[in-house]
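Below is one structure, written out as structure tokens, with a few remarks after it.
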Amino acid sequence: MPVISMSMGKAPAGINPPVKMLNPAADPRKMRRIIAEDPEWSLAVVPSLKNLCLQHIVNHFEEKPILNELLPSQKAFVLEKLPTFLPLSLTANLISDEGYWRRCCEDRWGQRDVSEYDLSWKRMFFERHLENIIELFIPDQTEPKSVLDVVPLCQNYVRRLKITQLLPPIRKPPKFNEDDASESASDLGDDGPSIDHFDFRILLNKLTNLEELQLVYGVRGCGMNFEWNLFEFTFSDCQFLAKALQSCTTLKILKINQSNVDDDKCRTLVSNLLDHPSLLELDLSHNIIGDRGARALGKLLNRSHLKQLDIYDNKIKGPGAQALAHALSKNTPLESLNLRLNQIGDEGGQALAQALLKNCILLNLHLGANELTEPTATALSHMLVHNSTLKRLNLSCNRLGEDGGKAMEEGMSHNSSLLECDIRLTGVRLESEYSIKKHLHTNQAKGRQDTAASR
Amino acid sequence: MSRAGPGELSPAVESDSPEERIAARRLRIAARTEARTRLELGEEAQEQEENTEEPRTSQKQVDQSEKRMLKLQTDGTELVTNILVAADARETKRRAQLAEARRLRNEKLENEAKSSLEKFEEVTQNWPVAKAKEIPQDLRDALKSQQQLCMLITEDKNKLINELQHELKSSDDRYVKELKKQAEDVDLMREKMQEQMTSLMKLYRQELDLIENSFDDERKTLLTSNLKKWEQQRKERSDRELEHLLQRIKQKEENEVLLHRLRVANIKEYNMMKLNLETQSEILQQNIQKTKATNQLNQEKLEYSRHVITHRKMETIHIESLQRKRILRLQDSLKNLKVKCASQEKQAQEENQSLTDGYKRSMLEYKDMQKHLRHFAAVDAERFEEIWLMNENEAKALVHKVLETDRVIYEQFLGLAWAPPHMPFMENSGPIQPQHQAQRTAQQFAMQALGEVEEKREMEGESSTAEVAGLDRRTVKKLLELLCDETGFLIESKLLKLLSPLEKDPQSFIKLHLIFSALGIENEEDVYKMAEFFEKYKQQQKDQPEEGISVSNENELVREMDSELVHPNHVVKALHAFTAQYCRPRDLQSQKQSSVLSLEERDDSEDAAYWESMANVIPESKLKVWNALEDALSKYHTVLTERSKILTDTHHLKQQNAELTALLHQYLSQKGNTELKIPPTLVMQLTSE
């Protein structure tokens, strides 16, 4: 589009026109009556004063932002021409036009899906901006001020923070003699206090609209520079985070994945999240939580409004599952529980099945890959006869065996609420699997009819 | 709906039979209500209708496709999740293997540790043995054996380390393999998802096409049916329109004829009207001209008057300024006057003070004077008595003298026997103490009046005063009764209560007593006065309103009515007037008397009578006799005097006669008489004849 660029280039020249206008014939544009390819072309040889003024406003927007005083059409003109590199302190609270923020986002990160951000380009821009700042924050080296400066600008727009990495502080001395010291440093983890990550206490209580927080205490794409301490979630980190979470009363969803959260950290987190006013979803999957952590989570279930708890891929065994089952039996508001890839065994499975006899709120239960066997299957079938709220049950990758399959089949024949039951790779015979599926289909059809009727 | 009516066999409103018409109207009403409800329900109702109307094809198709798609979706997700489940299973297997390996390794390590500990203990046990050995060779052997043992231990350890390192390497390989496998899995999953996506898209499109086709078909059928209906109705409509058109053309022609006629008539009328209006407008224009002229005149007049007014205004402004100045001046003077007034007031106060002092002084003087007065009065009284006694003695002497003369007259002149007259006063000596013949009080009078009506006639004879007043007792009584009834307000309410149990007469008497005391009536005279006043009042009243009415005085009854004196309603007014007229002056009098004659007052009313009686010792008849006697005596005297006079006269005349006769004789005896024709003697004879 050379024509456009020319016109753009000429616009400032139009302010002091006389010299260049002398020879109109030299410019081929001047010889044409209509220039169809230029959407901004107009018949007027000299741009109108209005346009000149608006162009001036655009050029000097940084010194003198005039926007809200303009008429809607003029406003649109200015917003279309504003450069995307204007300081945020100027634009954050002044411009609400989505088009401008879309240009900002696309200039910075290319094409993105805005549907994740409630179709708000501005929200997307600020969330991603803040995420970038935090992800690139190096403790002791980056000034905390750099984060705090952005907070007042973006606190009205940030709803979700999806932080995929947190950098540890850079330790200069071991890096100098990396060859011999690296191994010892990584193995021993000698200097403790300096490997704390970004302190969330300074940030979370200022973000008044924050609803979702996703954290990974680790370094993304470290490649061959792998060191264990890059992935260390220290206890003081945990304490800071817990305090920060307590101060953030608008938080609804909290996800801390792949961060080596062990029992003690889990307990400190839980103790600070007890009676949290708004928390609805907690995801601690891909950690190393054991039975004590599970017990703490059971306590949290009883003293919060949690609706979804994801603790798959942890190290919860029978006692932890029993603690959770005990919490469930008290009819907590929990609707979904995911215990995939744990080792609760028959001990925990039976306890959960018995808890579900009393519970009438839980809708989803995932017990995949949990070393369950036949006794659990019989307990679950007994539960299925009496429970009428559970909608989805996943028992895949457990060795239920043929007898267990039969027990499940029998339990299913008395149930009319379960819509999905995953029993793949459980050693169940095909016949019982088929009959269970058939029964599920009837239940699904009934559920569909019910929903159609309710509509 | 109603438009479609005539096409079908529905009842028509313009039909002949009444039943059909009723039915038609009912249908029309129903159609209207239906239309209204449909409007209210809006689009929802329409949609519902569609839904209810067409479950046959499209809905079925939608349901079918939905089911199919759901099944496909679940199958697809199962396919995709299969990978996940497989990975999970593998993971669990791996973990189990890892746990198993760890257990084995631990066991091995423990065994190793145990064995190495045993060996180490063996070595440590050997140390004292070695220490005990003193021969160097033995020591060397022992050391060697120890070394060998240590070597064994280290070998074992090294072996273990190697094994573990091997295991580590193999697990590293496994990890790499696992990573690869997982990457493959992820790729597979992505592929499958892609496939699923594309197939689902394809299928969705197909289903969508199917559904669309079914909807299209439905629409087509609906369209054709609607078109048919539309065509039919359009045809009907065009037919009807044609009919209407023809009718209209006919009507139009008729109307044109009518219009033409009307137009001609209107034009005529218009012309007439025009002429009329033109003449009127001319007249009006003339009027306008006239009014313009008058207007001009008026304007000039107004101009003149405006000039005058402005002139006046100037004058008034001038006067106003003058007045203002005057006001200022007057205000100044007012201020001066105020000052003066204040000073005057002060002066007056001072004066007042001095006057009050003077008054006090004069009061003192007055009291002194009174004292003196009393003293003088006492002295005067003494002197008076003395003078009185002297005068009386003198008078008595005179009386005696008179009586003596009287007796002389009677005895000597008249020759009558004389009896001395009765003279009670002669016994009196000194100033008389008048026996105050107490006038009958009003109360008594009232009592009498009320109580002794029967004795009226006799009383009439006796009481001369009543006769004098010219009022009969009856009217007085009536008046009193009236008073009694009407002026109860003068009596205290408490008293009235007390009086209520009494009989009528005493009650009214007490009442009257109270009323009199209130009115200030003290004695009988006052009562009569009052009665008279009432009479007069009545007269006035009657004169005023009843002039026109001829009152027949002959009728007794009417007199009775008149004798009611005053109408009860006017009693109070009359009383008021009476008290105003009479009671006030008397009060003043009485006040004066009481104030001046505070001393013992002597009643000199009787004195005159006393002296009179003394003067009238000789009664009138006697005086007349005296007078007659005097007259007779004086006449007698005159007669006597005349007789004496006449006696002297006769004496004179006799003398004269004698002279005259002498003269006559002389004349007659004279010679001349004889010579006369007629002698005087003759004449004298004649005359004497």
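The values are calculated or read from the model by the stated rules, or taken from the named source; none is laboratory data. Fair warning: this is a prediction, and the values are worked out from it, not measured in the lab. Cβ sites come from the backbone with ideal geometry, for glycine too, and all protein chains shown count toward neighbours. Ligands, DNA and RNA are stripped out before the accessible areas are found, and what is left, the full protein with its side chains, is counted by its heavy atoms. Shrake-Rupley method; radii C 1.70, N 1.55, O 1.52, S 1.80 Å.
Estimated at the nearest 10 Å², the accessible area of A:Glu409 is 60 Å² with a 1.4 Å probe.
Listed by chain and number, the lysines placed with their C-alpha closer than 19 angstrom to that of B:Lys346 are B:Lys335, B:Lys338; residues fewer than eight positions away on the same chain are left out. Taking all C-alpha pairs of the stretch A:357-455, those more than 20 Å from each other amount to 31 percent.
Using C-alpha pairs under 8 Å with a sequence gap of at least 6, the mean separation divided by the residue count of chain A gives a relative contact order of 7 percent. Axis angle, to the nearest 10 degrees, between helix A:401-413 and the longest C-alpha principal axis of chain A: 80 degrees. In this model, which of B:Lys477/B:Lys573; A:Lys406/B:Lys93; A:Lys299/A:Lys358 are farther than 26 Å apart at the alpha-carbon? Long pairs (Cα-Cα over 26 Å): none in the table. With semi-axes defined as the square roots of five times the eigenvalues of the C-alpha gyration tensor, the equivalent ellipsoid of the stretch A:287-353 measures 17, 13, 10 Å, largest first.
Near A:Arg429, once Lys and Arg are set to +1 and Asp and Glu to -1 for all other residues with Cβ below 14 Å from its Cβ, the sum equals -3. Can you classify the stretch A:214-256 as rounded, prolate or oblate using the Cα gyration tensor, where a ≥ b ≥ c are the square roots of its eigenvalues, rounded means a/c under 1.5, and otherwise it's prolate if a/b beats b/c and oblate if not? Oblate shape, in that a/c is at least 1.5 and b/c is the bigger or equal ratio. Given axes a ≥ b ≥ c from the Cα gyration tensor, I'd like to know whether the stretch A:192-241 is rounded (a/c under 1.5), prolate (a/b larger than b/c) or oblate. The shape class here is oblate. Only lysines eight or more places from A:Lys81 in sequence, or on another chain, were considered; those with a Cα closer than 22 Å are A:Lys10, A:Lys50, A:Lys64, A:Lys122. Cross-link partners for B:Lys313 among the lysines, with Cα-Cα distance under 29 Å and sequence neighbours closer than 8 places in the same chain left out: B:Lys301, B:Lys325.
Just so you know, the Rg over Rh for the stretch B:111-262 is 1.99, from Cα atoms, with Rh as the Kirkwood radius. For chain A, the longest principal axis of the alpha carbon atoms and the long axis of helix A:72-81 meet at an angle near 80°.
Applying a threshold of 27 Å to the alpha-carbon distances of B:Lys119/B:Lys169; B:Lys119/B:Lys159; A:Lys391/B:Lys67; B:Lys71/B:Lys177 flags B:Lys119/B:Lys169; B:Lys71/B:Lys177 as lying beyond it.
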